[in-house]
C-alpha cells in the first residue's frame, strides 16, 4: 500500500482517553468523518470493550447508511459509502494468518477502501505496517467507561 495515500485523521493523535459509550461513539463518528481511503484501522481489546460499537460509529461518520453488524461469523462485511467501500473484518475465528488468503486479504488491502479490522493480532505479519492502531480497555476505576488508546 502506498503510504502517501494514508492520511491519519486529525482525531487520532497518540493519546489515552477515558470515555463513556456515548463519548466513544461521538469520537468514532468524528474519526470516520476525518478518515480518507485507503486506510486500515485496527481495533484491539478484550471481548466487550466496545470494538464493534466503535467500528459502527466510524462507519456512520464515514457515510455508511446501512446497519453495521458484527462480522464474527461471516468474518467480513462490506458496506457502501459515497467515499469508498468499507470492509469490517473480524479475525477472532481465524486459526492462523494463512487463513487470510482465503478471505481475499491481499486484494482488500490493495483497494481504495476503509478497512476496519477487529482482532488484528490474528493477522500476524500480514497486517500492513501502515495502519492506525486503536486499543480499547476497561477503565479499572469505572466499569461503565473505556480507555481508548489511538495511534
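The values are calculated or read from the model by the stated rules, or taken from the named source; none is laboratory data. Everything numeric here is computed off the predicted structure, so don't read it as measured data. Don't worry about glycine lacking a Cβ; one is built from the backbone with ideal geometry, like all the others, and counts go over all protein chains shown.
Across segment 68-78, what is the number of residues that are surrounded by fewer than 16 Cβ atoms within 10 Å (Cβ to Cβ) and in a loop (DSSP other than H, G, I, E, B)? Reasoning before the result, please.
Of segment 68-78, the ones surrounded by fewer than 16 Cβ atoms within 10 Å (Cβ to Cβ) are 69, 72-74, 78.
Going one step further and asking which of them are in a loop (DSSP other than H, G, I, E, B), we end up with 69, 72-74.
Qualifying residue count, segment 68-78: 4.
Please verify whether segment 139-151 includes one or more residues that are surrounded by fewer than 15 Cβ atoms within 10 Å (Cβ to Cβ), touching a residue at least 60 places away in the same chain (Cβ under 8 Å) and in contact with a helix residue (DSSP H, G or I) (Cβ under 8 Å, 6 or more places away or on another chain).
Within segment 139-151 (the criterion being surrounded by fewer than 15 Cβ atoms within 10 Å (Cβ to Cβ), touching a residue at least 60 places away in the same chain (Cβ under 8 Å) and in contact with a helix residue (DSSP H, G or I) (Cβ under 8 Å, 6 or more places away or on another chain)), the answer is yes, since at least one residue qualifies.
So which of 95, 81 ends up being surrounded by fewer than 16 Cβ atoms within 10 Å (Cβ to Cβ) and either without any contact (Cβ under 8 Å) to a residue 40 or more places away in the chain or assigned to a strand (DSSP E or B) (or both)? I'd like the intermediate steps shown before the answer.
Working: 81 fails: surrounded by fewer than 16 Cβ atoms within 10 Å (Cβ to Cβ).
Among 95, 81, only 95 is surrounded by fewer than 16 Cβ atoms within 10 Å (Cβ to Cβ) and either without any contact (Cβ under 8 Å) to a residue 40 or more places away in the chain or assigned to a strand (DSSP E or B) (or both).
Residues being under 17 Å from the mean Cα position of the chain (by Cα) and either modelled with pLDDT of 95 or more or assigned to a helix (DSSP H, G or I) (or both): count how many of those fall in segment 1-22.
Going through segment 1-22 one residue at a time, the tally reaches 1.
Within the set of pairs 6 or more residues apart or between chains, which connect a residue that is without any contact (Cβ under 8 Å) to a residue 60 or more places away in the chain inside segment 112-134 to a residue that is assigned to a strand (DSSP E or B) and crowded, with 17+ Cβ neighbours inside 10 Å with Cβ atoms less than 8 Å apart?
What qualifies is 123/117.
Considering only residues that are touching a strand residue (DSSP E or B) at 6+ places or on another chain (Cβ under 7 Å), farther than 14 Å from residue 90 by Cα and crowded, with 17+ Cβ neighbours inside 10 Å, which ones fall in segment 21-67?
Once the filter is applied, which keeps residues that are touching a strand residue (DSSP E or B) at 6+ places or on another chain (Cβ under 7 Å), farther than 14 Å from residue 90 by Cα and crowded, with 17+ Cβ neighbours inside 10 Å, segment 21-67 yields 24, 27, 35, 37, 39, 49, 58, 59, 62, 64.
Yes/no per residue for (1) in contact with a helix residue (DSSP H, G or I) (Cβ under 7 Å, 6 or more places away or on another chain); (2) closer than 17 Å to residue 75 by Cβ; (3) not in a loop (DSSP other than H, G, I, E, B):
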{"residue": "87", "(1), (2), (3)": "yes, yes, yes"}
{"residue": "100", "(1), (2), (3)": "yes, yes, yes"}
{"residue": "108", "(1), (2), (3)": "no, yes, yes"}
{"residue": "115", "(1), (2), (3)": "yes, yes, yes"}
{"residue": "124", "(1), (2), (3)": "yes, yes, yes"}
{"residue": "128", "(1), (2), (3)": "yes, no, no"}
{"residue": "137", "(1), (2), (3)": "no, no, yes"}
